[in-house]
1. Looking at A:203, A:227, A:233, which one is within 14 Å of another protein chain (Cβ to nearest Cβ) and free of Cβ contacts under 8 Å to residues at least 24 places away in the same chain?
2. Please note which helices (runs of 4 or more DSSP H) are completely contained in the stretch B:82-179 and include at least 3 residues that are among the basic types (Lys, Arg) and surrounded by fewer than 16 Cβ atoms within 10 Å (Cβ to Cβ).
3. Exactly one of these conditions fails for residue A:296: (1) under 22 Å from the mean Cα position of the chain (by Cα); (2) among the aromatic types (Phe, Trp, Tyr); (3) at pLDDT below 95. Give me its number.
4. For the stretch A:261-292: of the residues being within 22 Å of residue A:178 (Cα to Cα), among the β-branched types (Val, Ile, Thr) and more than 9 Å from chain B (Cβ to nearest Cβ), which is surrounded by the most Cβ atoms within 10 Å (Cβ to Cβ)?
5. Sort out for me the helices (runs of 4 or more DSSP H) sitting completely within the stretch A:294-371 that have 2 or more residues that are crowded, with 22+ Cβ neighbours inside 10 Å and in contact with a Lys or Arg (Cβ under 7 Å, 6 or more places away or on another chain).
6. Of all residues in the stretch B:243-267, how many are farther than 18 Å from residue B:10 by Cβ and away from chain A (no Cβ under 11 Å)?
7. Has the stretch B:39-54 got any residue that is within 14 Å of another protein chain (Cβ to nearest Cβ), in contact (Cβ under 8 Å) with a residue 12 or more places away in the chain and not in a helix (DSSP H, G or I)?
8. Can you tell me which residue is nearest to residue A:225 (Cα to Cα) among those in the stretch B:239-275 that are among the aromatic types (Phe, Trp, Tyr), part of a helix (DSSP H, G or I) and modelled with pLDDT under 90?
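The values are calculated or read from the model by the stated rules, or taken from the named source; none is laboratory data. Not measured: the values here are computed from a predicted model. Please note: Cβ atoms are built from the backbone with ideal geometry, for glycine as well, and neighbour counts cover all protein chains shown.
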Amino acid sequence: MRKKLVAIILVGIMSLTLTACGSPANGGSTETASRGGGTETDSKEAGTGWSGDTIEIGLISMITGDNPLNGERMNQGVQLAVDQFNEEGGIDGHQINLTILDDQTTQDMAVTCANKLISQGVCGIIGPHRSTNAMAVEAVIEAGGVPTFTGGTSPKISELGDQYLFRCRASDSIFAEAAVAYAVNKLGSQKIGMLFNNDDFGTGAEGVIKAYCEKNGVDYVEQGHNTGDKDFTAQLMQMKSDGADTLIIWTHDAELAINARQIYELGLDVKVVSSPGVTMNQVIDICEPEYIEGWYGITDYVSSSDDPAVQEFKNAFMEAYGIEPELYAASYYGATVILLEAIKAAGTDDPTAIMEQVKKTKDLTLPNGTASCDDVNDLIHNVNVAKIVNKEVVFEEAISVE
Amino acid sequence: MAATIIQYIISGIAIGFIYALVGIEYTLVWNSSGLLNFSHDRLITLGAYIFAGTMIIKLNINYPIAIFLTFLSMGILGALIAQGIFNPLRNMRSNIFAVMGTMLLGRIIAELIRLIWGPVPFTLPGFMTGTVSIGSAQISKANIIIMIVSILVAVSLQLFMTFTKIGKAMRCVAQNKRASSLMGINVTQNICITTGISAIICTIIAILVIPLFNVTTTLAASIGLKGFSAGVIGGFGYLPGAIVGGLFIGVVENLSVLFLPAVYKDVVSFVLLIVFLVVRPSGFLGKRA
């Protein structure tokens, strides 16, 4: 009897855990729009008109897993754009309905979510975020023929050649080149010390920065680490003994905050240029002010920029959620605006017509830059440099890279 | 160069004590129930959230009372986990049921943390911050406190196991559950006490690492497996062994940077784990495999 009870409890726990991934999350409707009860071509002539009362779009977010905060901001940014369009009467009189699914920040669940959204008949998908997840769903979305927007920044995404997959943030090659060029040209760095995460995100930047230094004759040393590492003393001491005058750190939030503390504690007298994390509250708030004072961050979005598009978005976001937006909110808000503008221009919810309209995007002003689609479906080509002064993110300059 | 090596050794010892504490916690549960608690890294994270998120930031309780209340709540939770998972599952045909149970419990705790405290990481400003110079080497105050507390925990546990009735009962249960039961020891209750104590050790680890790792949902990622390695290398099932194993891993993985790229630090720890499992499964100090 006891064994039976235990088995039932275990099955229950497993079912709960497994179903959590597929459940629509807060903010999204659970209803799925019917495309008229048949295939697309049954219900309408391809490329014209609307298939239902509402326009269905999907979001593959990271609500659970190891990146829930970024997922929450992603949801808020997308929801804000949808709400704004709906408040203005929707598109051609059709309200937009957003379905949010959770990929648990894993590749297999991202594929499951993409399949589910495509089978529900969405005409556009926002997310998944991580480059590895975007590459995992690529074949599914190409086969399904639904325009999809990822914020994954790995340069490998551009090489996929998938006409339905768009990138709504600048590529890492742009971020990394901006970081090293800023260090060398503006900060006068003589010897670059590269600290990078040994995943796609970190090694992508490492390749670009190493190549830049070799090409321009700048001294260069590097040390890697893994996601989840808690002690960087060995890497930092190596940088110290190698005599690096500037550290470029390319890693995730948790590792970045620990690096900041250890650089300060070990007394390294260096300039630091970092991946976007240092400009975000989730890193700034867990660092003592002296740890990150004077650091530079390369990022998509800086709240303190006086750009009217940034200020307008920031005010709307704060009004809706009572907190300041950051780059995930801004980037995915931007991606949703691009998608919805393309639907509006296409005058239909036919995914192929929408994809063709997204490809025509040019000079669309967004909080995270100006969107123009290039021949590898990259939409954003500019980044910002910000400096941390007394825990405030101060906008320094915008850098455009073609 | 000498200064760099000294810094590597000091930092290795500091992180090694954290691995040691995790190893001690693994060992306790293993000894009492013959099971491995794979939810323990989530218990460490939960302890940090209860202490920092609820006791200090939300309720603004002073530190000693907050520590006591966190110990109490985590101790009770540990006993409940033993009653709900270890005791019902330990006698099943395969240990895989209990292992799965603890892994799923870990997932549930992780999601509960996100739902209760939210996904935003935070810290306790000014809590055990600052550094101390030893010659040219630097060591953070938090690391010094970790070393002292780890030694105190190991010594106290050893005394508790040797001189108290409950401790002696725990050792009996570790040695032979059936014989203990025949001698009148309530094995089920004993496992609850041991798991409660191990949950309190999780809380000690959690509080100590807040200034180093901050309070995030991934707080205990990676130290869990390193702690397991510490236990195996030192001699699984033997408390002082966990300390020796922890220090060994901490120092060796730091010194490995002299010969290998730093990205292979983790590889060094796990290669050591495999080498010990194959060549000397009883570890440095252990008496049994």
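1. After ruling out the rest, the residue left standing is A:203.
2. Per the criteria, B:165-175.
3. Evaluating residue A:296 over (1) under 22 Å from the mean Cα position of the chain (by Cα); (2) among the aromatic types (Phe, Trp, Tyr); (3) at pLDDT below 95 leaves (3) as the failure.
4. Looking at residues that are within 22 Å of residue A:178 (Cα to Cα), among the β-branched types (Val, Ile, Thr) and more than 9 Å from chain B (Cβ to nearest Cβ), I get A:279.
5. Filter on the stretch A:294-371 gives A:327-346.
6. Number of matching residues: 2.
7. Yes - at least one qualifying residue is present in the stretch B:39-54.
8. So, considering only residues that are among the aromatic types (Phe, Trp, Tyr), part of a helix (DSSP H, G or I) and modelled with pLDDT under 90, the one nearest to residue A:225 (Cα to Cα) is B:264.
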